[in-house]
Amino acid sequence: MKRVVPILFFTVLFLLPAHRSYCWGFYAHQKINYYAVFLLPPEMLVLYKPNIAFLSEHATDPDKRRYAVPGEGARHYIDIDHYGPYPYNTLPRKWKDAVAKYGEDSLLAYGVVPWNIEGMLSRLTNAFKEKDFGKIMKTSAELGHYIADAHVPLHTNSNHNGQFTNQRGIHAFWESRVPELLAEKEFDFFIGRAQYIQNPGDFIWKRVLESAKAADSVLSFERILTRKFREDKKYAFEERNGKMIRQYSSAFTIVYNNMLNGMIERRMRQSVFCIASFWYTAWVNAGQPGLKELANKHFSESDIKEFEQLNNDWNKGGKMMGREE
Ligand SMILES: [Zn+2]
């Protein structure tokens with residue numbers, strides 16, 4: 001039975017209709033968590049390196065959960081343009097103040113990614129204090145996901161899939177098509193070391209504001225290039241995961257990436273750095289517990305059941321709950 005599950009999983013993945021997309025795409029999320037491990041100090045590497053396959057594979061769990069849990073979607077984005085012009089000072093950065101001003105329901109409606117990241121960080125700190133192997137691994141993988149999402153410009157804008165400007169598909173174009181075509185060959189993931197973050201709240205809000213500022217170029221450059229490319233040159237039948245599908249052509253993708261002048265590579269690199277630094281910060285704040293003895297631990301029965309359940313729900317091929325991307 002166990003051997004059947006992965007086969008089914010991949011079969012379903014290939015058969016997915018084209019409208020199904022994921023934050024940063026599965027490919028980029030997995031790469032980002034993978035590279036983040038190499039920024040850690042030796043005291044953490046003893047645990048993270050042997051579990052690097054888990055951390056990359058499960059980087060996508062929060063996106064899978066969007067097909068089963070209605071409240072999950074809001075944790076991945078914030079439509080910050082809803083709160084007025086940049087730098088959106090009308091929106092309090094502290095959760096309590098924001099709730100007092102707008103109410104929780106309204107905040108949830110427009111997305112809560114930065115506050116979710118702060119919550120996940122304290123969950124990870126507690127996991128380190130408890131020396132709970134399963135909780136450390138699961139929370140690290142998922143924290144990585146949400147941090148990476150916060151670095152995506154279209155995760156901070158209400159026109160998140162170009163739906164207001166006749167640019168549907170731009171979401172997956174930016175965060176899946178470009179990295180899948182270019183990351184391996186052209187992006188540099190040699191990034192240095194994780195750093196202790198004094199004020200994680202401040203730090204993540206800065207990243208969100210950078211994303212928000214970049215959203216306009218992400219959208220407008222695609223529009224400019226679309227005027228220059230004939231329809232049959234903009235899209236092409238090209239290979240993806242071993243299948244020929246109609247997608248943005250390589251030529252269009254490369255020109256777009258050049259026009260963005262390295263933005264996607266920078267956001268990926270910044271994601272990697274931020275994730276490693278948040279993992280490291282949680283560990284330091286927990287009092288730097290020794291992790292060597294956790295290195296040979298395994299996931300509990302209930303953890304494994306939880307992973308299987310998540311995959312089963314996702315494999316059913318239902319609709320993404322909340323808003324589509
Ligand atoms: Zn996501």
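As a check on your grasp of the helix formula, calculate [θ] at 222 nm for the chain: sum -39500 (n - 2.57) over DSSP H runs of n ≥ 4, divide by the residue count, round to the nearest 500.
-17500 deg cm²/dmol
Want the number for residue 229 to residue 182: 0.36 nm per residue separation, take away the alpha-carbon distance, what's left?
Length difference between fully extended and current span is 14.9 nm.
Springs between alpha-carbon pairs under 10 angstrom, Gaussian network model over the chain: which of 43, 210, 301 fluctuates most?
Answer for the Gaussian network model of the chain: 301.
If packing is taken as the average number of other Cβ atoms within 10 Å across a peptide's residues, how do 131-138, 174-181 rank, most packed first?
Highest mean packing first, the order is 174-181, 131-138.
With +1 on each Lys and Arg Cβ and -1 on each Asp and Glu Cβ, and nothing else charged, work out how big the dipole of the chain is about its Cα centre, in Debye to the nearest 20.
The dipole of the chain has a size of about 340 debye.
Along Cα→Cβ, 7 Å out, is where each label goes; now give me the distance between the ones at residue 101 and residue 210 in nm to one decimal.
Using points 7 Å along Cα→Cβ, the separation is 2.3 nm.
Taking the dipole about the Cα centre of region 43-136, with the C-beta of Lys and Arg at +1 and of Asp and Glu at -1, give me whichever of 91, 122, 102 is farthest to the positive side.
122
Sort region 213-285 into rounded, prolate or oblate with this rule: let a ≥ b ≥ c be the square roots of the eigenvalues of the Cα gyration tensor; rounded if a/c is under 1.5, and if a/c is not under 1.5, prolate when a/b is larger than b/c, oblate otherwise.
oblate
From the cross-link list 94/135; 31/243; 185/297; 96/305, which pairs have alpha carbons spaced over 24 Å apart?
Over 24 Å Cα-Cα: 94/135; 185/297; 96/305.
Out of every Cα pair in the chain, what percent are spaced more than 34 Å from each other?
22
Which value in Å does the Kirkwood hydrodynamic radius of region 87-174 take, with 1/r averaged over all unlike C-alpha pairs and then inverted? It would help to have the intermediate numbers written out before the result.
Numbers: mean 1/r = 0.0666 Å⁻¹.
Over region 87-174, the inverse of the mean reciprocal pair distance is 15.0 Å.
Rank 242, 262, 73 by mean-square fluctuation in a GNM of the chain with C-alpha springs under 10 angstrom and give only the top-ranked residue.
242
What trypsin sites (Lys or Arg not before Pro) does region 238-318 have in DSSP loop regions with at most 13 other beta carbons within 10 Å? It would help to have the intermediate numbers written out before the result.
On the way: sites: 240, 243, 246, 266, 267, 269, 292, 297, 305, 316; in loops: 297, 316.
Here the trypsin sites (Lys or Arg not before Pro) that fit, given the DSSP loop and packing criteria, are 316.
Give me the three principal axis extents of region 164-245 from the C-alpha atoms, as integers in angstrom, largest value leading.
Between the extreme Cα coordinates on each principal axis of region 164-245 lie 50, 32, 18 Å.
Using each residue's phi in region 63-79, evaluate 6.51 cos²θ - 1.76 cosθ + 1.60 at θ = phi - 60° and report the 3J(HN,Hα) Karplus result to the nearest Hz, with x for Gly and Pro.
Whole-Hz 3J(HN,Hα) from phi for region 63-79: 6, 5, 5, 5, 8, 10, 10, x, x, 5, x, 4, 6, 9, 8, 8, 7.
Calculate the FRET efficiency for residue 190 and residue 135 from the Cβ-Cβ distance with a Förster distance of 30 Å, rounded to the nearest 0.05.
That pair, residue 190 with residue 135, gives E of 0.45.
Since every read-out is calculated from the coordinates, none of them should be taken as a lab result. If you're wondering where the values come from, they're calculated on a predicted model, not measured in any experiment. So basically every Cβ, Gly included, is an ideal-geometry build from the backbone, and we count neighbours across all protein chains shown.
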